[in-house]
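Asker: The structure that follows is given in the form of structure tokens.
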Amino acid sequence: MRYEVGTVLNIQNLNRPVHGQVITEDVYDGVTLYSLAQGTDLPVQTNPNYHCYFVLAGKLNVYLRDRMSVIASKIVSYGQGIVVPYDEAVGCTALEGTVATEVVLGKKLETQKIRPMEVFTVKDLLAYQTGMAVHDTALNSGYSKLNIDALDMNTVLQDLLAEGELIVTCLDGEGSVIYNGKESTLHFGENYRIKSGTHFSLQTKDHPFKVSELIRIE
């Protein structure tokens, strides 16, 4: 497994686009990773569930179409995401070399912050609070969940439970993941995979530290 549990990873560097190619990889059930060369496409599909695209590198044009033409399109850049509706035809074109993940969400969305076909910047979903470590669920579909953790300097979030297979991504700053008795430093853009049903902690000292937790709920 390329994305080993308990190891600092850089998923975008492991999946650099190759000229003229679309490379697809199932990370785990409901989460697919794409490495797309500039000008390549993901085929138009109609899905029975909401899906979300997260762009880890590059720029993606995400569009809806009917039988005749494109009826809506949005450009999603590095660090951003977009939820696409179910039962509508959705396609994607890489405007430059792009690494992106597609996450199956299900038919319901529990969120006050994200609307279908509206681009959002992941790190802006939760603000820092002075002297505090804060945690919020930005999106919950019952099948997948997106949590954001924002730790001001010299703060900690202890004994967090991985409700399912989980990938932590550093959105800002620098801090540590403490897992299975080992402390690992996580820098901006790096990732860390955690096994379902286990516990972990996040802490920071000299830098603010903001991460996302992408969880496939079991």
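The values are calculated or read from the model by the stated rules, or taken from the named source; none is laboratory data. Predicted model, so just to flag it, every value in this text is computed and none were measured. Please note: Cβ atoms are built from the backbone with ideal geometry, for glycine as well, and neighbour counts cover all protein chains shown.
Asker: Could you please find all residues in segment 141-190 being of a type in the set (S, T, N, Q) and farther than 21 Å from V103 by Cβ? Reasoning before the result, please.
Answerer: Residues of segment 141-190 of a type in the set (S, T, N, Q): 141, 144, 147, 154-155, 158, 169, 176, 180, 184-185.
Scanning segment 141-190 gives N154, T155, Q158, S176, N180, S184, T185.
Asker: For N154, indicate whether it is in contact (Cβ under 8 Å) with a residue 12 or more places away in the chain and within 13 Å of the chain's Cα centre (by Cα).
Answerer: no
Asker: Something else: Which strands (runs of 3 or more DSSP E) sit wholly inside segment 62-134 and have at least 1 residues that are in the same structural domain as T32 (by TED's automatic domain parsing), under 16 Å from the mean Cα position of the chain (by Cα) and under 30 Å from V156 (Cβ atoms)?
Answerer: Numbers: elements: 70-77, 80-84, 89-94, 98-106.
Counting at least 1 such residues, we get 80-84, 98-106.
Asker: Considering only residues that are loosely packed, with under 14 Cβ neighbours inside 10 Å and farther than 19 Å from T137 by Cα, which ones fall in segment 185-212?
Answerer: Scanning segment 185-212 gives T185, H187, K205, D206.
Asker: Return the total of residues in segment 58-74 being surrounded by fewer than 21 Cβ atoms within 10 Å (Cβ to Cβ) and at pLDDT 95 or above.
Answerer: Quick first cut of segment 58-74, residues surrounded by fewer than 21 Cβ atoms within 10 Å (Cβ to Cβ) only: 59, 61, 63-74.
Right, trim to at pLDDT 95 or above and you get 59, 61, 63-64, 73-74.
Going through segment 58-74 one residue at a time, the tally reaches 6.
Asker: May I pose another question? Could you list, in sequence order, the residues of segment 109-127 that are in contact with a strand residue (DSSP E or B) (Cβ under 6 Å, 6 or more places away or on another chain) and not aliphatic (A, V, I, L, M)?
Answerer: Listed by number, the residues that qualify are E110, T111, K113, P116, F120, T121, K123.
Asker: Let me ask something else about it. Filter segment 21-52 for residues that are assigned to a loop (DSSP other than H, G, I, E, B) and at pLDDT 95 or above; which is surrounded by the most Cβ atoms within 10 Å (Cβ to Cβ)? Talk me through it step by step, then tell me what you get.
Answerer: Keep residues of segment 21-52 that are assigned to a loop (DSSP other than H, G, I, E, B), which gives 21, 29-30, 37-40, 47-49.
Subsequent filtering for residues that are at pLDDT 95 or above retains 21, 37-40.
Working: Q21: 10, A37: 17, Q38: 15, G39: 12, T40: 20.
Filtering segment 21-52 for residues that are assigned to a loop (DSSP other than H, G, I, E, B) and at pLDDT 95 or above, the one surrounded by the most Cβ atoms within 10 Å (Cβ to Cβ) comes out as T40.
Asker: Let me ask something else about it. If you go through segment 4-20, how many residues are in a loop (DSSP other than H, G, I, E, B) and among the β-branched types (V, I, T)? First the steps, then the outcome.
Answerer: Step one: filter segment 4-20 for residues in a loop (DSSP other than H, G, I, E, B), giving 4, 6-7, 10, 15-20.
From what's left, among the β-branched types (V, I, T): 7, 18.
Total satisfying the criteria: 2.
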